[in-house]
1. What residue, of Ala205, Ala115, is modelled with pLDDT under 95 and in contact with an Asp or Glu (Cβ under 8 Å, 6 or more places away or on another chain)?
2. Looking at Arg68, Arg76, can you tell me which residue is of a type outside the set (A, V, I, L, M), within 22 Å of the chain's Cα centre (by Cα) and outside the structural domain of Ala209 (by the TED database)?
3. Condition test on Leu15, is it assigned by the TED database to the domain that holds His109, more than 20 Å from Asp113 (Cα to Cα), touching a residue at least 12 places away in the same chain (Cβ under 8 Å) and not acidic (Asp, Glu)?
4. Which condition from (1) closer than 22 Å to Gly152 by Cβ; (2) in the same structural domain as Asn164 (by the TED database) is the one that Gly239 breaks?
5. Just the residues that are part of a loop (DSSP other than H, G, I, E, B) and of a type in the set (S, T, N, Q), please, taken from segment 48-83.
6. Please work out if Glu91 is surrounded by fewer than 16 Cβ atoms within 10 Å (Cβ to Cβ) and either assigned to a strand (DSSP E or B) or of a type outside the set (Phe, Trp, Tyr) (or both).
7. May I ask you to list the residues in segment 94-116 that are farther than 17 Å from Met197 by Cβ and either in a strand (DSSP E or B) or aromatic (Phe, Trp, Tyr) (or both)?
8. If you go through segment 18-62 one residue at a time, how many are within 18 Å of the chain's Cα centre (by Cα) and in contact (Cβ under 8 Å) with a residue 60 or more places away in the chain?
Amino acid sequence: MPYFEKIVVVGTDALADGIAAAAEAAGCSVVRVADASDPGGAEDALRAAYLVVEAVAEDATAKHDALRAIASLAARTAVIATTTATLSVTELATAVPGPERVAGLHFLHRTLDGAAVEVVRTDLVAPGVLERLSAFVDELGKVAVEVKDRPGFLLNRLLMPYLNDVVQALDDGLASAEDLDVALRLGLGYRRGPLEMLDDIGLDAHEQATDAAFAALQDRVFAAPPLLRTMVATGRTGGASGSGFHDRKDHA
């Protein structure tokens with residue numbers, strides 16, 4: 001029997017799809033809800049859920065609204081997980097009744113490609129919540145990494161300055177995009193080149209994340225390079241656009 005037998009996933013994008021599919025594969029009973037403030041007959045499922053995963057758009061207002069709606073229906077014993085990548089989990093938690101049941105689940109890739117998932121703790125979280133979420137992550141076939149609620153958490157705190165440096169190196173003409181990726185893959189043993197990774201993450205998503213970290217920390221290492229801003233402004237965002245640091249030949 002899965003650790004959380006009854007789960008509700010709130011959201012409609014690729015991350016929500018991936019979490020729901022992985023939870024179903026692990027044997028959980030999963031109910032999908034597009035909008036927690038208008039659950040469309042899923043009120044009973046929200047009341048009965050052991051875990052509710054908020055996976056709506058990475059927007060502070062949208063997440064606050066979703067979490068308030070979830071908290072108004074979910075049992076006080078239910079765990080509520082937010083999938084935010086850039087917002088403070090503590091601030092999101094304190095905006096709802098029962099902040100001790102709220103923690104973060106940060107998937108580095110919205111398609112669930114990454115093997116590690118950050119389980120984000122606040123100073124308010126109740127004993128046992130993080131352990132329960134870590135068990136859930138294990139059931140998804142991922143590895144849980146417990147981290148403190150700070151801007152960028154752990155993975156992005158280390159990754160974003162590295163990616164910014166590589167974009168600046170490209171803009172400075174140190175090497176081509178292809179050679180930068182080859183050098184860091186083969187020279188340092190990385191599985192993927194950093195510009196390939198940025199194309200997969202989405203340049204617009206990285207810009208949003210690094211801007212949030214810079215606003216919180218006022219550290220220049222998180223300042224988005226001018227080249228990144230130019231590419232985002234001109235629609236070369238990687239991912240679904242088919243055009244980024246490397247153009248996707250298979251893009252329709």
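The values are calculated or read from the model by the stated rules, or taken from the named source; none is laboratory data. As the structure is a prediction and not an experimental result, all values here were calculated from the model. Note that we place each Cβ from the backbone using ideal geometry, even for glycine, and neighbour counts take in every protein chain shown.
1. Working: Ala115 fails: in contact with an Asp or Glu (Cβ under 8 Å, 6 or more places away or on another chain).
Within the list Ala205, Ala115, the selection yields Ala205.
2. On the way: Arg76 fails: within 22 Å of the chain's Cα centre (by Cα).
None of the others qualify; the one that does is Arg68.
3. Details: assigned by the TED database to the domain that holds His109: yes; more than 20 Å from Asp113 (Cα to Cα): no; touching a residue at least 12 places away in the same chain (Cβ under 8 Å): yes; not acidic (Asp, Glu): yes.
In short, no.
4. If we test Gly239 against (1) closer than 22 Å to Gly152 by Cβ; (2) in the same structural domain as Asn164 (by the TED database), just (2) comes out false.
5. The initial filter retains those residues of segment 48-83 that are part of a loop (DSSP other than H, G, I, E, B), namely 49-50, 55-59, 74-78, 83.
Passing the criteria: Thr77, Thr83.
6. Numbers: surrounded by fewer than 16 Cβ atoms within 10 Å (Cβ to Cβ): yes; either assigned to a strand (DSSP E or B) or of a type outside the set (Phe, Trp, Tyr) (or both): yes.
So Glu91 passes the test.
7. Start the filter on segment 94-116 by keeping residues that are farther than 17 Å from Met197 by Cβ, which leaves 94-105.
If the condition is that a residue be farther than 17 Å from Met197 by Cβ and either in a strand (DSSP E or B) or aromatic (Phe, Trp, Tyr) (or both), then Val102, Ala103, Gly104, Leu105 are the ones that fit.
8. 6
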